[in-house]
Every structure is written in structure tokens, then in C-alpha cells.
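Below is one structure, written out as C-alpha cells, with a few remarks after it.
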Amino acid sequence: MSKHQDDIADPNFKISLSNEKTEGRGSGNLAYRRGTFTSLLRTRRQTAENAAGTYYRLQEAGGGSWKRVEDFGV
């Protein structure tokens, strides 16, 4: 399991996403989503790790549904 999967599986992990824009590109088979995120993780020592930023998700249409191509957090 990756570090991020471990964080998400932790019951002390909290994340909030806010979608600001979703837009299609090209011939209609690519789309991106942009938004903001905040997260909080309480470590085993009960110290808080906070993060906030912007996320981008690239999606591609195929087989009748949209598939995630890549996620970026900045």
C-alpha cells in the first residue's frame, strides 16, 4: 500500500474537496476538473498534519464511462 493509501485508510484522516470547474477538451473524450482541497491527519502521536492546495484531475472517456488518467495536487 502506498503512503497515500495508508493515509486515506486511517480513520483519523479527513479531506474536503471543492470542485471549481469541469471542462471538456479536444474531440470530447478528454476532460479536466479543477478544485481545492484541505486535509487533516492526526498521527499516532496525536499531532496534526494539515495540507491545503489545488487539485487537477485529468479524465478520458472510453467504453461508455470516464476513467481517471492522472491526479495532481499543488
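The values are calculated or read from the model by the stated rules, or taken from the named source; none is laboratory data. Just so it is clear, the model here is predicted, and its values are computed rather than measured. For neighbour counting, all protein chains shown are included, and Cβ atoms are generated from backbone atoms with ideal geometry for every residue, glycine included.
Brief remarks on what is shown
- Residue count for the stretch 55-74, restricted to those that are more than 15 Å from the chain's Cα centre (by Cα) and in a strand (DSSP E or B): 5
- Residue match in the stretch 41-50 (condition: touching a helix residue (DSSP H, G or I) at 6+ places or on another chain (Cβ under 7 Å) and either loosely packed, with under 13 Cβ neighbours inside 10 Å or under 23 Å from N12 (Cα atoms) (or both)): yes
- Residue count for the stretch 31-59 satisfying the condition of being modelled with pLDDT of 90 or more and within 15 Å of D71 (Cβ to Cβ): 14.
- Within the stretch 51-67, if we keep just the residues that are charged (D, E, K, R) and more than 18 Å from T36 (Cβ to Cβ), the residue that is surrounded by the most Cβ atoms within 10 Å (Cβ to Cβ) turns out to be E60.
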